[in-house]
1. Please compute the volume of the convex hull spanned by the alpha-carbon atoms of the range 81-139 and report it per residue in Å³.
2. Per 0.36 nm of contour for each residue apart, how much would the distance between Phe131 and Met175 grow if the chain were fully extended, relative to their Cα-Cα spacing?
3. Mind checking which of Gly90, Val17, Val301 is farthest towards the positive end of the chain's charge dipole, using Cβ charges of +1 (Lys, Arg) and -1 (Asp, Glu) about the Cα centre?
4. Under a plain spin-label model, where a point goes 7 Å from the Cα along Cα-to-Cβ, how far apart in nm are Ala101 and Leu205?
5. First obtain the Kirkwood hydrodynamic radius of the range 132-297 from its Cα pairs, then insert it into the Stokes-Einstein equation at 20 °C and 1.002 mPa s, and state the resulting D in µm² per second as a whole number.
6. Determine the per residue accessible area of the chain with all protein chains present and a 1.4 angstrom probe, expressed in square angstrom.
7. Suppose every K and R has +1 on its Cβ and every D and E has -1 on its Cβ; what is the size of the dipole of the chain about the Cα centre, in Debye to the nearest 20?
8. Give me the tail of P(r) for the chain as a percent: Cα-Cα pairs with distance above 40 Å.
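The values are calculated or read from the model by the stated rules, or taken from the named source; none is laboratory data. These figures come from a predicted structure and were not determined experimentally. Here Cβ is always computed from backbone atoms with ideal geometry, including for glycine, and neighbour counts include all displayed protein chains. For accessibility, only protein heavy atoms count, side chains too; no ligands or nucleic acids. Shrake-Rupley method; radii C 1.70, N 1.55, O 1.52, S 1.80 Å.
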Amino acid sequence: MRVLGIETTCDETAASVVGLSASGHGDILSNEVMSQIAEHAAYGGVVPEIAARAHVEVLDRLVERALRVADVKLKNLDGIAAAAGPGLIGGVIVGLTFGKALALATGKPFIAVNHLEAHALTARLTDGIEFPYLLLLVSGGHTQLVSVRGVGDYRRLGTTIDDAMGEAFDKVAKMLGLPYPGGPQVEKEAMQGDPLRFNFPRPMLRRPGADFSLSGLKTAVRLEAERIAPLRPIDIADICASFQAAVVDVIVDRVRGALRAFRAEDGHPTALVVAGGVAANGAIRRALTRFAGESGLRLIVPPVALCTDNGAMIAWTGIERLRLGMTDDLTFAARPRWPLDVNAERVHNGKA
Ligand code: KG4
Ligand code: ZN
């Protein structure tokens, strides 16, 4: 089985062909990504209109390249999968329409993929783990703790009630004058800094449940930066280190809460999986490695290229759904919002 995956929900245009090996693992035959970071950098964040146009400009060539690298012809594919949301609607429409057009022209089955489900299932592509597992998804747009019980079967244990985790890193970077995207910059600065110099708040710490709140922490950082301005390089490093230390404490505490909620209903997770761009952060990885060790959990952090937005996770989700006979109609419309767990949707209006 071989499926083409198309991803255009944010600022990455991506196309990939993934095959299903005899052992049930995924085989990534190609994984082409074009980042638009340079086009958005001047604005300090993703500009939806620029993103949509950039997807239009490169998607056809990128899909062609993904097929060429995989050495697969369109007619030899078993299905075509495209992310149909959640995301920036202009970009989603570009990839979804392209995927549907390819499916129509070739007569292949079409799979409309939930971008969050794709992040959630990536650990099965890379490590072939079994359900159920606990997922921490932390990226620029998403912050969720989810019980992954099966394909299409998710229970959200926690989410953010304000900013997403990556967004908090990016905003802190911006207020310190560091370039976009801020996460990697904050981590780099933090390596030189003193995590104990500023005692920033740890919002939600030891609260019941597994929800996050990050805007208070972000505001505390801003107030401190304003108080001690003008900032010397050492101040910037210390602020980054102290901010990151607060984030690490919050993450471990919230994962602990989520694990408790997981066990109450879904038993023992086969693993703790971390996905999303923020999973690249070394301090967060180290803290979660320690936590997983203490909790008797297997920790899986897919390689960074598969944690951040990519086409392979879309293609893989296409395979997971296709082999269960879950295909979609070509009338499937793009969804700017598309929660993994519909039951959780009304609880918060934070980023789904
Ligand atoms: O998953 P991703 O590539 O895109 C989506 O948002 O879907 O995640 C990007 C986010 C950005 O906010 C970026 O600042 C953050 O991940 N990020 C990091 C690190 N590398 C990327 N945050 C903290 N530490 C890092 N090393
Ligand atoms: Zn993503």
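1. In the range 81-139, the Cα hull volume divided by residue count equals 96 Å³.
2. 11.7 nm
3. Val301
4. So the label points at Ala101 and Leu205 sit 5.3 nm apart.
5. Estimated via Stokes-Einstein, D reaches 133 µm²/s.
6. On the way: 14320 Å² over 352 residues.
With the other protein chains kept in place, the chain gives 41 Å² per residue.
7. Dipole about the Cα centre, nearest 20: 500 debye.
8. 12
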